[in-house]
């Protein structure tokens, strides 16, 4: 049978303090991230008191149909499993396994929801299998694990290459701070997979080789190393790799249909083998154990993980039985999961500190900070080390600056989990600064359709001037249905990054508990978001520079239409928004739509471009070959259009000259990129980018305020 990694993970009983460490070995990985220890502690603390519910997802080659098993449990019980099993099954077969299945990316999303992540790999091999038909069952391949341990053999080359390939995927989870219950070479003692076919000694050598390479070479500090045999003779005495490379013992058990045994003797034998120093759990099961019997005799499985298909088979687990298990107060579900990742208990941290500023006496100065942390952040600005009355927001605004305002400014940020103070920035008075230009852009927005393969909508904007600009940024998906937009993205997430690519802030599922967000919606005229919607929103105070908003599907799989919005929350500040650029997919049937609102006092000239073929010069694959650009008013009135920017020699000369003035990269003559220059009165303008043909591809929309 397929095996999957059933991940145990977290459960500090509501009654048990999270900081107490249960007796047991520390993590075996040198320098393991704290969450690895938290998971092991919580498994120990759960054992005999509660149990983590778990479900293995369906393994879909293209990653398009992984939700059925989890959804079935939720529909049947009204609750969600706490542990989710993933499998790198297709990653060694073809690139489609990596680009389509996106298991690591989806596991990160699951962790951000608070769930536990468990991984195994059904490892297809080419060597020893029929040509073009890789296999992993012993009966279907002659791949010899002993030769895989010998340098210079074809088996060793394949073994090392694919081991490193999976390490790269696990590194994504490490970089996201996600602990992984890692079950390499699962069900080894059963012998039905090639890694167990030659007995315990080569298996143990391979396990220890992977441990050494993953910890020493790849620096994977997020793995919980799970030794995962079957319940068979010698599974402990002969096959156990050693205390120094094992954090956890996991068993895969499939009792007869219609039975729900809890295997007390098996649990105690495996627990006692290490004198209880290593937790023991169920990494896979068919029928779920009977909880009443299990807790009655003290059998302490801390988690279960039902293999895909067994949850919906009434002969294995009836709906009534599932409801009884999931609704039992001793069962931990995603809804009652303690926070193993500590995301909800993070002290403040500073992403962007205040910067030095020189201003003219009598003008307005603004300083700002970008900070992250759990719950509500509290701000207190300090001038020359002393608290400043009224300085309690992320942005500090000083109107009509005078000599008394000069000095050093820092901000202290606190929440219930700690505090941090920024480095000091100097505010100086200047004599002949360049007067700031009047604010022009009040709002930038882009709407596009994301596909189902991890597409991104990439929206960039530029801030110029002095001080900071306070902006509201939103990624709207499900609420678009209220405006009759077809197929909205069900769960958008976004990350704000600076010009160096450093992440400054993230949002997934906005919260009305942050009172500043509804207030910002009202202040900018942005439509309200329903409480509980899975749209994303954040506020940031940003110094001059270039910024990018990466909008994606939170589960890395779902597709749909999404709207990215950037609003100016500080129209009187010296710093101002000056241009928008957005990269996404476009076609005639699913155009990319970019819009902006100008608050200029008089008509202004704007350069609007749609780059398709030009993107190939920057290594972008799948560029739209023939973008069709149409500019309209907000009511749909036609203003201008273009496809093939240089077809009109007079217009081409104007757009080339204006592009150079705006600092935009030049288009190649005779290319099918599109560009127009328009004069617009204050108000809104919309740019619709489709294709002159039936093609679909990547396009870059650009909107420049012209001098």
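Residues that are under 19 Å from residue 707 (Cβ atoms) number at least 1 in the following strands (runs of 3 or more DSSP E) confined to the range 568-665: 576-587, 592-598, 604-611.
Checking each residue in the range 600-640 for being more than 22 Å from residue 658 (Cα to Cα) and within 32 Å of the chain's Cα centre (by Cα) picks out 616, 619, 620, 621, 622, 623, 624, 625.
Filter the strands (runs of 3 or more DSSP E) completely within the range 358-420 down to those with at least 2 residues that are closer than 20 Å to residue 571 by Cα and in contact with a strand residue (DSSP E or B) (Cβ under 9 Å, 6 or more places away or on another chain).
Numbers: elements: 365-368, 370-372, 378-383, 395-398, 407-415.
So the answer is 365-368, 395-398.
For residue 249, the test of being without any contact (Cβ under 8 Å) to a residue 60 or more places away in the chain, within 19 Å of residue 56 (Cα to Cα) and not in a helix (DSSP H, G or I) is passed. Using the structure shown, decide if residue 599 is touching a residue at least 60 places away in the same chain (Cβ under 8 Å), touching a helix residue (DSSP H, G or I) at 6+ places or on another chain (Cβ under 8 Å) and either surrounded by fewer than 17 Cβ atoms within 10 Å (Cβ to Cβ) or over 30 Å from residue 396 (Cα atoms) (or both). Here the answer is no, as residue 599 does not meet what is asked. Does residue 289 satisfy being without any contact (Cβ under 8 Å) to a residue 40 or more places away in the chain and either in contact with a strand residue (DSSP E or B) (Cβ under 8 Å, 6 or more places away or on another chain) or not assigned by TED's automatic domain parsing to the domain that holds residue 263 (or both)? So residue 289 fits the description; yes.
Please tell me if residue 279 is buried (at least 16 other Cβ atoms within 10 Å of the Cβ) and modelled with pLDDT of 95 or more. In short, yes.
Looking across the range 478-509, the residues that are assigned to a loop (DSSP other than H, G, I, E, B), within 16 Å of residue 352 (Cβ to Cβ) and within 18 Å of the chain's Cα centre (by Cα) come down to 501, 502.
Looking at 164, 175, 252, can you tell me which residue is surrounded by fewer than 22 Cβ atoms within 10 Å (Cβ to Cβ), under 23 Å from residue 122 (Cβ atoms) and out of contact with any helix residue (DSSP H, G or I) (no Cβ under 7 Å at 6 or more places or on another chain)? Before the answer, list the steps.
Numbers: 175 fails: under 23 Å from residue 122 (Cβ atoms); 252 fails: surrounded by fewer than 22 Cβ atoms within 10 Å (Cβ to Cβ).
So the residue among 164, 175, 252 that is surrounded by fewer than 22 Cβ atoms within 10 Å (Cβ to Cβ), under 23 Å from residue 122 (Cβ atoms) and out of contact with any helix residue (DSSP H, G or I) (no Cβ under 7 Å at 6 or more places or on another chain) is 164.
Restricting attention to the range 302-311, the residues that are touching a residue at least 60 places away in the same chain (Cβ under 8 Å) and either surrounded by fewer than 17 Cβ atoms within 10 Å (Cβ to Cβ) or out of contact with any helix residue (DSSP H, G or I) (no Cβ under 6 Å at 6 or more places or on another chain) (or both) total 6. If you take the residues of the range 666-707 that are buried (at least 20 other Cβ atoms within 10 Å of the Cβ) and part of a loop (DSSP other than H, G, I, E, B), which of them is nearest to the chain's Cα centre (by Cα)? Across the range 666-707, the extreme among qualifying residues is 673. Checking each residue in the range 312-322 for being outside any loop (DSSP other than H, G, I, E, B) and buried (at least 20 other Cβ atoms within 10 Å of the Cβ) picks out only 322.
Can you find a residue that is in contact with a helix residue (DSSP H, G or I) (Cβ under 7 Å, 6 or more places away or on another chain) and not in a loop (DSSP other than H, G, I, E, B) anywhere in the range 225-242? Yes; the residues of the range 225-242 include at least one that is in contact with a helix residue (DSSP H, G or I) (Cβ under 7 Å, 6 or more places away or on another chain) and not in a loop (DSSP other than H, G, I, E, B). For the residues 39, 28, 117, 73, the requirement of being buried (at least 17 other Cβ atoms within 10 Å of the Cβ), in a loop (DSSP other than H, G, I, E, B) and modelled with pLDDT of 80 or more singles out 28.
The values are calculated or read from the model by the stated rules, or taken from the named source; none is laboratory data. Treat the numbers as computed from the prediction; the structure is a model and nothing was measured. Counting neighbours? That spans all protein chains shown, and the Cβs are built from the backbone with ideal geometry, glycine included.
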